[in-house]
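Have a look at the structure below before the remarks.
The values are calculated or read from the model by the stated rules, or taken from the named source; none is laboratory data. Bear in mind the structure is a predicted one, so any value in this text is a computation, not a measurement. Heads up, the Cβs are rebuilt from the backbone with ideal geometry, glycines too, and the neighbour counts pull from every protein chain shown. We work out accessible area using only protein heavy atoms, side chains counted, and drop any ligands, DNA or RNA first. Shrake-Rupley method; radii C 1.70, N 1.55, O 1.52, S 1.80 Å.
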6 protein chains.
Amino acid sequence: MGYEPEVVAALSGVSTATITTLLLRRGLRNIWIRGASPLRPGSGRVVGPAFTLRFVPAREDLATPESWGSARSTRAAIEAMPEGCVAVVDAAGIRDAGIFGDILCARMGKRGVAALVTDGAARDVSGVLATDLPVWCGGVAAPPSVAGLTFVGWQEPIACGGVAVMPDDLMVLDDDGAVVIPAALVAEIVEKGPEQERFEAWVLSEVDGGTPLPGLYPPNDETRARYEAGRRG
Amino acid sequence: MGYEPEVVAALSGVSTATITTLLLRRGLRNIWIRGASPLRPGSGRVVGPAFTLRFVPAREDLATPESWGSARSTRAAIEAMPEGCVAVVDAAGIRDAGIFGDILCARMGKRGVAALVTDGAARDVSGVLATDLPVWCGGVAAPPSVAGLTFVGWQEPIACGGVAVMPDDLMVLDDDGAVVIPAALVAEIVEKGPEQERFEAWVLSEVDGGTPLPGLYPPNDETRARYEAGRRG
Amino acid sequence: MGYEPEVVAALSGVSTATITTLLLRRGLRNIWIRGASPLRPGSGRVVGPAFTLRFVPAREDLATPESWGSARSTRAAIEAMPEGCVAVVDAAGIRDAGIFGDILCARMGKRGVAALVTDGAARDVSGVLATDLPVWCGGVAAPPSVAGLTFVGWQEPIACGGVAVMPDDLMVLDDDGAVVIPAALVAEIVEKGPEQERFEAWVLSEVDGGTPLPGLYPPNDETRARYEAGRRG
Amino acid sequence: MGYEPEVVAALSGVSTATITTLLLRRGLRNIWIRGASPLRPGSGRVVGPAFTLRFVPAREDLATPESWGSARSTRAAIEAMPEGCVAVVDAAGIRDAGIFGDILCARMGKRGVAALVTDGAARDVSGVLATDLPVWCGGVAAPPSVAGLTFVGWQEPIACGGVAVMPDDLMVLDDDGAVVIPAALVAEIVEKGPEQERFEAWVLSEVDGGTPLPGLYPPNDETRARYEAGRRG
Amino acid sequence: MGYEPEVVAALSGVSTATITTLLLRRGLRNIWIRGASPLRPGSGRVVGPAFTLRFVPAREDLATPESWGSARSTRAAIEAMPEGCVAVVDAAGIRDAGIFGDILCARMGKRGVAALVTDGAARDVSGVLATDLPVWCGGVAAPPSVAGLTFVGWQEPIACGGVAVMPDDLMVLDDDGAVVIPAALVAEIVEKGPEQERFEAWVLSEVDGGTPLPGLYPPNDETRARYEAGRRG
Amino acid sequence: MGYEPEVVAALSGVSTATITTLLLRRGLRNIWIRGASPLRPGSGRVVGPAFTLRFVPAREDLATPESWGSARSTRAAIEAMPEGCVAVVDAAGIRDAGIFGDILCARMGKRGVAALVTDGAARDVSGVLATDLPVWCGGVAAPPSVAGLTFVGWQEPIACGGVAVMPDDLMVLDDDGAVVIPAALVAEIVEKGPEQERFEAWVLSEVDGGTPLPGLYPPNDETRARYEAGRRG
């Protein structure tokens, strides 16, 4: 696990909108996690490798406060998280119990976890907002995880928001939500993403100057030439 | 297409709550677009004729980045939008792809489009918020439209948020969402809306003064007389 | 109806997250109202006995503006609300009509109602935000209640957000939403809640100091002893 | 409560499709119960006054096997049902617990209940099918009612499948599902329904003979005259 | 419009399961119409070109019994359907009103329409089952179309069950539901489908004979050789 | 893995309705799998230990026809299934792709698998019905698994229909659907189930004889004594 700091730095300047467009051109349409919004919009982009956690629904004999002390607990999972990772949590689509509250989020922040992403809910939201941990989630719910969920393991393949996430895929999170870059495609996105951002910024400046869309975006040959000339200029 | 400036001005002072009440009295219960909230709440009311756009779900042979350059593209639709219109977009209830991002919204703003309404999602939300275009939508998603949607045309009858919208119906948007006034009923709403707003403001002042609700709202004859006396006063 | 002021005061310091954990230990997993968020997050906790209202779906012969003047109307229900109560409204899961707008909310505020909770929608949201009444709801919709709902009574058992609420159960509302404490369990929560809050604050300070989670939360004997020593210290 | 035998007999020959068309002409669009299908399709039409029952979601302190013995139990409700009534059960949209099984359905059959309708689920379906009671429901589930539901009363206004049902409204059930005729409109449907059925049968025979639809259905003056002539002939 | 009889004949022997597998190999994952089941399972496969119809949700001023007599009505659409076509109806996902009943279905059967497919509901189901028209639909509902739907046109691009359908795409329907073959890919499916069916029948006979799955399905070289030898044998 | 034949035999006479009632008395409310109905109702009860399979949603780089030949494929999982087991498949709630068709079901039947249960869909339904394998599923869909799903492993904890299933829990399936008996509670259900069935059969005979419900079911002391006397008689 782990990506070079240059990879993280390069992708910090590429929006999830741009990443999804580039992955679509490679045939990947299902890499945006449905229902995971930033708890604190406008706080920027986070990039890091996925550290996965998996819940299944609660069964009263399994999902108990006592289970929090077991060897296969969320606590043990958190202590296994490496610095800089993005914790991605499969909450089985359940949003009427919160997967983590202020104490667990504070510990993740302390361990240098870059962010938490889940299709489930956070709890004790005012406490969580007071920690250092950025959170993308599907809402807020007061009840503890065991009211609706049974924790079963970490660093397994998971489903999150209708998307398959494999351990060590690269996650990018911003105000549009969370996307997964399969490990094998990271280099390509690092190569093409920043250039795409530059091109779109130029297109936007053209639109601000009054250029109509047809021929501009997507660009025809004349537009493409004008853009290239401007870059060299 | 087009409504007199006085129509737009008059309705700018009538809330969507009041409009839906008046249309209900005419037997219309289904004229509020479900799931279209302002991206920037608290920024006021927008009034304008509907310019409709229609998507169907994506099929991989139809929904491609190449389709953006075709004659029946969203780009062509935008260039056909008249100043002051409200673009109303049928996104087939799909919210895991964004219909438009910053570049297309910037162009709409440039063309004088009054607002964008959709039951689907916007993308590149921070970029969209930086444009001049007010947006009412069903959320935010990173993927491009072609990840989930195929564009098929404009100025056709559409479904949006469970409501039928016909080209040139009058749209009114505020913090309660978006409502459709059928063209044939606009004059009636223009006539009755402002008076209803005046009456409700008076009722609210009565409530602030401690008057109980029964007999006040809806008004009995005594209340009605008192209100009329006050107006003349 | 009515709880001692000490009860209300004690629970004002106990989060809904803590309350749901304590009730789970008593076997109650379904006491958090799904889909009721604060219209104005960050404005604190509200505690009060439930005053229930019940709607069923609209039927065009029953749900009319004329019904607002009937003896079994929302207006009559509001005039029956005692000071300090929390109005809990069963909106039959319908969110495309608003149960109340600014005038009714203003009257509730005037009567000293502590808060309004519903799994349905509010309407005229800017007006409602201008009143004194704190509101937890499932969204915002322009249409009047009679566009989607028929009012049928008050102080009956209701369903709200998938939870059974009985008249005079105790409601606690904060940024994590709304929870119901069955009347028979209030004394127990009043007894255990504040201590649980103290313990969790101490755990959080330990986490801030770098203590790992296993053995800390839930506490093992050593941790428990250290905490007790600190309290006595 | 109770309708004349002639009313029941007349409506036994009028389909729910025809009834909903006639009620739509009176402005009633929401009188068909969503999600209630016959357990045994093809077994004919049932007509009878509504006897309502109401559940709210389960709360573990309220929904217990012990509650089955209480005074406000489903058992007591069944013993209050008059012969010929249609039991209409508000299951709060919950379909993962069965409201009744073979024993309760057998008792209803014994008491002469005409049918059971619910938006919830039945349980012990093979046993229920072995009783005399016709059932329209939203599916089948093994768990007992108290696994998901709390029973709260009978002969109250209820919501069932998104429709308001008042005690003593008249229910008509067939393979298209269940519809509610408000008590005040029964006479009108009894008057117009049979004639509408006669007309539609004639139209169908015309279609079988090769007549195209325009001008036939809805009928123009010529068609109407031809039909009237045929009736008199 | 229209496909050669040989095309229809060839595809009558290819299951929708096989067609979706072949189209997946061409990158098409979204060509199966969600929620359209045969009203009468076990009655075989239907193949024919799509004739599309489009509804949007009902608005009380547009969706009226009077609209049935207008020029842009479902009646006019039916009279425009060619023999052998499959009527594919976009019901805007609405299933609490029936798009067609016995009279319209009887007329379609009379005109030689091969089948009706919709993501909406049929009505008067016992009458529809008595006609010659095979129907794939999303359920059954008593209310007439105008209780929930407004008809807007035919032979336009539509959404049906989350799938884009273009006029004259080729539809194949069987007990697994309904699939769309884009017109440009029909020849390829006609070429590959029957061979794939032969191969799968051989695999099934191997399984019946006790061969384990690995190496058999998908076949390794040895299996492939054995199959080819058997074909030639 | 494996239960004594006497266990399987005893539970073959206990309905899932009775099992869920007994487990509820032990505090277990969430052990019935939502949305898994018998493909062929009325074909009796199946009992066997759970053999779990797990899918996550499709990602185009992972879910390919080629993956069917990999070491971690559904084929390998099927070859690992012991005789008499019930295959329980977590399909991530996805119902627009079929997890297995006729070939894989035939192989499971050949290996002596007792039944297949899933919250997802089957495909090639006519072929599956022609095999020996009883199937409980959430519907039927033509597309292959890889159109919507990625297979990730077997004999792991899974979610199925909102329920946690652990490998080797005991599954019981009948016309009311599928229930999970946690391994630790099997002996208790084997002990109490048959007696509960005897008691309910006696109650049903009492109802048939005209006994009212109160005091009968649940039984009061007099009823209980009468039942016991009858048993001894």
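General observations
- Boolean, E:VAL146 is within 14 Å of chain D (Cβ to nearest Cβ), more than 14 Å from the chain's Cα centre (by Cα) and either part of a strand (DSSP E or B) or surrounded by 20 or more Cβ atoms within 10 Å (Cβ to Cβ) (or both): yes
- Selection over region F:115-128 of residues that are open to solvent by 10 Å² or more (accessible area, probe 1.4 Å) and either small (Gly, Ala, Ser) or facing chain E (nearest Cβ under 9 Å) (or both) gives a count of 5.
- Screening region E:151-160 for residues that are surrounded by fewer than 24 Cβ atoms within 10 Å (Cβ to Cβ) and assigned to a strand (DSSP E or B) and picking the one that is nearest to the other protein chains (Cβ to nearest Cβ) gives E:VAL152.
- Evaluated against (1) modelled with pLDDT of 95 or more; (2) over 19 Å from the mean Cα position of the chain (by Cα), D:VAL113 falls short on exactly one condition, (2).
- Criterion violated by D:ARG224 - all others in (1) without any contact (Cβ under 8 Å) to a residue 60 or more places away in the chain; (2) in a loop (DSSP other than H, G, I, E, B); (3) not aromatic (Phe, Trp, Tyr) satisfied: (2)
- Restricting region F:19-61 to residues that are β-branched (Val, Ile, Thr) and under 14 Å from the mean Cα position of the chain (by Cα) leaves a set whose member that is nearest to the other protein chains (Cβ to nearest Cβ) is F:THR20.
- Criterion applied to A:ASP175, A:ASP168 was being modelled with pLDDT under 95 and charged (D, E, K, R), and the one residue passing it is A:ASP168.
- Evaluated against (1) in contact with a helix residue (DSSP H, G or I) (Cβ under 6 Å, 6 or more places away or on another chain); (2) crowded, with 19+ Cβ neighbours inside 10 Å; (3) within 14 Å of chain E (Cβ to nearest Cβ), F:ASP132 falls short on exactly one condition, (2).
- Unique match (being among the aromatic types (Phe, Trp, Tyr) and either crowded, with 19+ Cβ neighbours inside 10 Å or touching a Ser or Thr at 6+ places or on another chain (Cβ under 8 Å) (or both)) among A:TYR217, A:TYR227: A:TYR217
- Just one of the listed residues (B:ALA87, B:ALA50, B:ALA92) is open to solvent by less than 10 Å² (accessible area, probe 1.4 Å) and either among the hydroxyl-bearing types (Ser, Thr, Tyr) or under 30 Å from A:GLY161 (Cα atoms) (or both), namely B:ALA87.
- Considering residues of region B:95-114 that are more than 18 Å from B:ARG54 (Cβ to Cβ) and more than 10 Å from chain A (Cβ to nearest Cβ) only, the residue surrounded by the most Cβ atoms within 10 Å (Cβ to Cβ): B:ALA114
- Scanning region A:162-210 for residues that are free of Cβ contacts under 8 Å to residues at least 40 places away in the same chain, open to solvent by 40 Å² or more (accessible area, probe 1.4 Å) and outside any helix (DSSP H, G or I) yields one hit, A:GLY209.
- Failed condition for A:GLY93, given (1) farther than 23 Å from C:LEU204 by Cβ; (2) at pLDDT 95 or above: (2)
- Residue satisfying condition, being without any contact (Cβ under 8 Å) to a residue 12 or more places away in the chain, out of contact with any Asp or Glu (no Cβ under 7 Å at 6 or more places or on another chain), open to solvent by less than 50 Å² (accessible area, probe 1.4 Å) and not aliphatic (A, V, I, L, M), within set D:GLU66, D:GLU60: D:GLU60
- For region D:8-43, the set of residues classified as within 15 Å of D:PRO134 (Cβ to Cβ), in contact with a Pro (Cβ under 8 Å, 6 or more places away or on another chain) and either crowded, with 23+ Cβ neighbours inside 10 Å or at pLDDT below 95 (or both) consists of D:SER43 only.
- Meets criteria (without any contact (Cβ under 8 Å) to a residue 24 or more places away in the chain and closer than 29 Å to E:LEU149 by Cβ) for B:GLY98: no
- Count of region A:161-187 residues, restricted to those that are within 14 Å of chain B (Cβ to nearest Cβ) and over 30 Å from C:LEU24 (Cα atoms), is 12.
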